[in-house]
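> Here it is, the structure, as structure tokens.
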Amino acid sequence: MSNNIIDPANMIYTKPELMNDNQMHYCPGCSHGVVHKLIAEIIDEMGLREKTIAVAPVGCAVFAYNYIDVDWVEAAHGRAPAVATAVKRLNPDKLVFTYQGDGDLAAIGTAETIHAANRGENIATIFINNGIYGMTGGQMAPTTLEHMKTATCPNGRDIHLNGYPLKITDLLAQLPGVCLVTRQSVHTAAAVKKTKKMIRKAFENAMEGKGESIVEVVSTCNSGWKLSPAASNDWMVENMFPAYPLGDLKNI
Amino acid sequence: MAKVKGAVVVNVERCKGCNLCVIACPSDVLELQPREVNDKGYHYAYMKNPEECIGCANCGYVCPDACITVYRKKID
Amino acid sequence: MSEEIFLMKGNEAIAHAAIRYGADGYFGYPITPQSEVMETLMDEAPWETTGMVVLQAESETSSINMVYGGAACGKAVMTSSSSPGMSLMQEGVSYLVGAELPCLLVNVMRGGPGLGTIQPSQADYFQTVKGGGHGDYKLITLAPSSVQEMVDFVSLGFDLAFKYRTPAIILSDGVIGQMMEKVVFPPSRPRRTEEEIRKQCPWATLGRTPDRKANVITSLELDSSIMEENNNRFQAKFKKIEENETLFEEVNCEDADYIFVAFGSAARICQKAAELARKEGIKVGLIRPITLWPFPSAVIAKYAEKVKGFLSVEMNAGQMVEDVRLAVNGKTKVDHYGRLGGIVPTPNEVVVALKDKFGC
């Protein structure tokens, strides 16, 4: 039965064309891969393959440039918004976006993040928030939840010692230079579709010169969290979503 | 009555056996290979109950490694 | 447009020279004594004429990374700062070298360490010439000693940076930055079109066209064997620069018994000091390194065979003198005279120092 279904004419879903055959280095079940797919799909759907200049962060997504076949600039840790600022200002007709994790965007790069947003740079920022430093082995991030255990807060984040989880997107939503701030996830097919819609909106805003758009994707880091991919999704729904509720914070 | 039938093809070598497609499937079509592994040693996903597939592509959407291709056909 | 003559500050001259060169972008952060660079650019508003982008960043960290982004696109981009700001930029400078990006940096030096002073200094010689950031690298370092050279080195710096795909820096100081002098500007050049940049810089990230693979600008390589190859390529490039791009000025060295070695504003003082010494019957010449890296070791080595001594005169505690000693390699005496903390030495005190140190 399935043999006559498997025919190019019946294909409804496959790996995006812009995503190459390099096997991704991410851990099994990592949210990065899903977001990468969405970006690759949207760039092609918008016909922007030749007009895209992407800016990669330092963190797990440092090698994003190995997977999506557009031009990439790999920025120093936290500096992607500054890099993207210049790329966009010098190439105003291009799609310029940054792809950053929570440590990159909300710790070491906080100044660059806030000032690029405040200038209303016509860029999009995809922000992966999994509450942990994945690449360096699971240390505390600015977005680590209270009582959440990491390698550098092995007894759980103590707010007296480490301060509070930083809701950076809430701050960014206050800035007049920002036109879109939304918090999404990719743990279910429905969530993936919603996130895709919002990333597309962010890219459209950037091309239309409406100011900066930030799409936060509340994500899992099953290696850092020391849970299976499925259990990570459950943990995220139970613990991350109350702290980082999904939905649009700003959409004008 | 027309019925929608689906089929899933897994790129075995890209699959990391994360199991998220198995969970996302509403029809209990997929499973990780209980014994066989790919070149990287992962128990990859396969269609355990191919007849049940409705081609909803939920498995594809949530797959982090872009290893799933989904087909769908109306069958009279 | 033909040549035009103006009277202006060194910092202002940098700004005008950048616009006339056809620079694509300037990104900076205010700091004394170089703020006139960005002030002049903002006043000239080149985005309305040549299309050059000028942006005040939130920090030097940000401005150097804006330079990184612009340079990645093959654009002629620059920043300027003064010593503390340059320290903050060192991370970005290392990345620029590692990613093989051409750009122009300008350091109008002031006294340090720390917040130091806003008065002129040459104490960033080590930082600039020996590599202020991490990793094995060199910066093409141009040391102007006049406002005219501030102008000339903008185009020279950009040209060398693009020729070798590596950053170039104008290492100036508060004297040259603030001083007003006559300058002659070269004719204006149009900015390069995207098509021209794509041809000149096939590596640039300007959007992937169907005829090529995706371009990636990065300094990262986790495979050590490839990373060693990359480093070997950088070193080969640096060697080529050393062989081909060394610049210096030599004044009255043929019959000299002693030679001053000095760069930038200190060289102007030494030129007068050499004249004063000759009036007293001491035959003194001057070697002025124009490129601090590559350092003009060969000419110093040549005169080391015949002179009684070299005096390295610097507005620091003795930095370039180490390169003079390496070039001289023990063949004759080498000493240093310097003033610190923002003090500019007078020609007379340099002559006194020469007599004192060499007993002449």
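> Within the stretch A:147-193, take every residue that is over 18 Å from A:GLY131 (Cα atoms) and part of a strand (DSSP E or B) and give me the one that is nearest to the other protein chains (Cβ to nearest Cβ).
A:VAL178
> Within the set of pairs 6+ apart or on separate chains, which have a first residue in the stretch A:9-21 that is more than 8 Å from chain B (Cβ to nearest Cβ) and over 18 Å from B:GLY55 (Cα atoms), a second that is surrounded by 16 or more Cβ atoms within 10 Å (Cβ to Cβ) and among the aliphatic types (A, V, I, L, M), and C-beta atoms under 6 Å apart?
A:LEU18/A:ALA40; A:LEU18/A:ILE43; A:LEU18/A:ILE68
> Let me ask you something else. Could you check the stretch C:1-38 and list, in sequence order, the residues that are aliphatic (A, V, I, L, M) and in a helix (DSSP H, G or I)?
The answer is C:ALA13, C:ILE14, C:ALA15, C:ALA17, C:ALA18, C:ILE19, C:VAL37, C:MET38.
> If I filter the stretch B:58-76 down to residues being assigned to a loop (DSSP other than H, G, I, E, B) and out of contact with any helix residue (DSSP H, G or I) (no Cβ under 7 Å at 6 or more places or on another chain), which single residue comes out as nearest to the other protein chains (Cβ to nearest Cβ)?
Let us first name the residues in the stretch B:58-76 that are assigned to a loop (DSSP other than H, G, I, E, B), namely B:63-67, B:76.
Subset that is out of contact with any helix residue (DSSP H, G or I) (no Cβ under 7 Å at 6 or more places or on another chain): B:67, B:76.
On the way: B:CYS67: 7, B:ASP76: 13 Å.
It comes out as B:CYS67.
> Please go through the stretch A:43-69 and give me each residue that is facing another protein chain (nearest Cβ under 7 Å), surrounded by 24 or more Cβ atoms within 10 Å (Cβ to Cβ) and either at positive phi or not in a strand (DSSP E or B) (or both), ordered by number.
A:TYR65
> Further question: Which of the residues spanning the stretch B:5-39 are over 22 Å from A:THR188 (Cα atoms), within 11 Å of chain A (Cβ to nearest Cβ) and either surrounded by 13 or more Cβ atoms within 10 Å (Cβ to Cβ) or touching a helix residue (DSSP H, G or I) at 6+ places or on another chain (Cβ under 6 Å) (or both)?
Those that are over 22 Å from A:THR188 (Cα atoms), within 11 Å of chain A (Cβ to nearest Cβ) and either surrounded by 13 or more Cβ atoms within 10 Å (Cβ to Cβ) or touching a helix residue (DSSP H, G or I) at 6+ places or on another chain (Cβ under 6 Å) (or both): B:GLU13, B:ASN38.
> Being among the β-branched types (Val, Ile, Thr), farther than 19 Å from C:THR193 by Cβ, outside any helix (DSSP H, G or I) and out of contact with any Phe, Trp or Tyr (no Cβ under 8 Å at 6 or more places or on another chain): is that true of C:VAL93 here?
Values: among the β-branched types (Val, Ile, Thr): yes; farther than 19 Å from C:THR193 by Cβ: yes; outside any helix (DSSP H, G or I): no; out of contact with any Phe, Trp or Tyr (no Cβ under 8 Å at 6 or more places or on another chain): yes.
In short, no.
> Separate question: For the stretch C:293-352, how many residues meet the condition of being assigned to a helix (DSSP H, G or I) and of a type in the set (A, V, I, L, M, F, W, C)? Let's see the steps before the verdict.
Kept after step one, since they are assigned to a helix (DSSP H, G or I), are these residues of the stretch C:293-352: C:297-304, C:320-328, C:347-352.
Those left that are additionally of a type in the set (A, V, I, L, M, F, W, C): C:298-301, C:304, C:320-321, C:324, C:326-328, C:350-352.
Within the stretch C:293-352, residues that are assigned to a helix (DSSP H, G or I) and of a type in the set (A, V, I, L, M, F, W, C) number 14.
Bear in mind that the values in this text are calculations on the coordinates, not laboratory data. Predicted, not measured: the structure shown is a model, and the values here were computed from it. As a convention, Cβ positions derive from the backbone with ideal geometry for all residues, glycine included, and neighbour counts pool all protein chains shown.
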